[in-house]
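Before any comments, here is the structure.
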Amino acid sequence: MQWSRTWLPLTALALVAAASASPTRAQQAQTPGCASLPTAAELQGLLRDAASGTGISVSLGPDTDAGGIFGGSRMWGAIVNRQGQLCAVNTSTDDPTQVFPGSRAIAEAKAYTANAFSLDDFDLPTARMYTLTQPGHSLAGLNNSNPFDPRALSAPSQPGIGANQIAAGIITFGGGVPLYQDGRIVGGLGVSGDTSCADHEVAKRARDLAGLNPPDGPLSDDIVYAAVDGPSMFAHPICPNTKRNGVFLGDEAP
């Protein structure tokens, strides 16, 4: 009976803690810079609509899937504020175990990276960092400069873990985009769960749906493919089943 009396209060405390971990609008308001950004529930809706192309700008292409392995339908998404603090994280699926568990940390790191290396007048998505960070190029080794905090790792069933914390991590392939409001950068969005090309497409579309595009529009920092657009310091390789703005561009070479 002694154990029972102790266990019940502890259980109640655990339930309260779990409930408070859900990143609702009220909780986000406690962290400066998060209140005006999408909540976890809103993020899930953005990811779902982005995968199918529902409601996106005409410039982003027709209502088609985002390409890749799953058409962009199995994604982790993460949003950080300008300070790099995690505001919201969620999956596009109702069952988070059906999205790669490892993609959660990648999504958070992509959001951090896109925010960390963008300014009001300089938007740099993670897709445009690929070539510069390869061996022999000017930013080789950047990935090692700010490692992901392992304390931010969590199971798929724990979406609130890490809220308001800085997970950090540097990712230099597609899927992370900076977020803007009234011409000023306010954070970053990271998406992971498919090919890096599909990740970028979903992130770009979700940002557009949320009305958080850069001042020069949703395509001002779009992904650049050397195989399609020619050599560029911002080039990214083609992925399996690559689509950009609703147009199929090809497949990664074997």
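The values are calculated or read from the model by the stated rules, or taken from the named source; none is laboratory data. These numbers come from a predicted model, not from an experiment. Cβ placement follows ideal geometry from the backbone for every residue including glycine, while neighbour counts extend to all protein chains displayed.
Candidates G193, G211: the one that is within 11 Å of the chain's Cα centre (by Cα), within 22 Å of S73 (Cα to Cα) and at pLDDT 95 or above is G193.
This table checks each residue for (1) within 21 Å of Q98 (Cα to Cα); (2) at pLDDT below 95.
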site: P150; (1), (2): no, yes
site: L153; (1), (2): yes, yes
site: Q158; (1), (2): yes, yes
site: N164; (1), (2): no, yes
site: A167; (1), (2): no, yes
site: I170; (1), (2): no, no
site: G175; (1), (2): yes, no
site: L179; (1), (2): no, no
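Scan the range 91-101 for residues that are under 16 Å from the mean Cα position of the chain (by Cα) and either at pLDDT below 95 or over 12 Å from G190 (Cα atoms) (or both) and jot them down. S92, T93, P96, V99, F100, P101 - these are the residues of the range 91-101 that are under 16 Å from the mean Cα position of the chain (by Cα) and either at pLDDT below 95 or over 12 Å from G190 (Cα atoms) (or both). When the range 102-118 is filtered for residues that are outside any helix (DSSP H, G or I) and either at pLDDT below 95 or of a type in the set (K, R) (or both), nothing remains. May I ask you to verify whether G174 is in contact with a His (Cβ under 6 Å, 6 or more places away or on another chain) and either under 22 Å from H200 (Cα atoms) or among the basic types (K, R) (or both)? Spelling it out, G174 is indeed in contact with a His (Cβ under 6 Å, 6 or more places away or on another chain) and either under 22 Å from H200 (Cα atoms) or among the basic types (K, R) (or both).
The set of residues in the range 50-69 that are surrounded by fewer than 20 Cβ atoms within 10 Å (Cβ to Cβ) and modelled with pLDDT of 95 or more contains only I69. Of all the listed residues (S232, S220), the sole one being surrounded by fewer than 24 Cβ atoms within 10 Å (Cβ to Cβ), of a type outside the set (V, I, T), touching a strand residue (DSSP E or B) at 6+ places or on another chain (Cβ under 8 Å) and part of a loop (DSSP other than H, G, I, E, B) is S232.
For every residue, the table says whether it meets (1) surrounded by 12 or more Cβ atoms within 10 Å (Cβ to Cβ); (2) over 15 Å from I170 (Cβ atoms).
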| site | (1), (2) |
| --- | --- |
| N90 | yes, yes |
| D95 | no, yes |
| A109 | yes, no |
| M129 | yes, no |
| L139 | yes, no |
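Regarding F248, is this residue surrounded by fewer than 22 Cβ atoms within 10 Å (Cβ to Cβ), touching a strand residue (DSSP E or B) at 6+ places or on another chain (Cβ under 6 Å) and in contact (Cβ under 8 Å) with a residue 60 or more places away in the chain? Taking the combined requirement at face value, the residue does not satisfy it.
Results for (1) on the phi > 0 side of the Ramachandran plot; (2) surrounded by fewer than 21 Cβ atoms within 10 Å (Cβ to Cβ); (3) touching an Asp or Glu at 6+ places or on another chain (Cβ under 8 Å), shown as yes or no for each residue.
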{"residue": "Q165", "(1), (2), (3)": "no, yes, yes"}
{"residue": "G169", "(1), (2), (3)": "yes, no, yes"}
{"residue": "G183", "(1), (2), (3)": "yes, yes, yes"}
{"residue": "S196", "(1), (2), (3)": "no, no, no"}
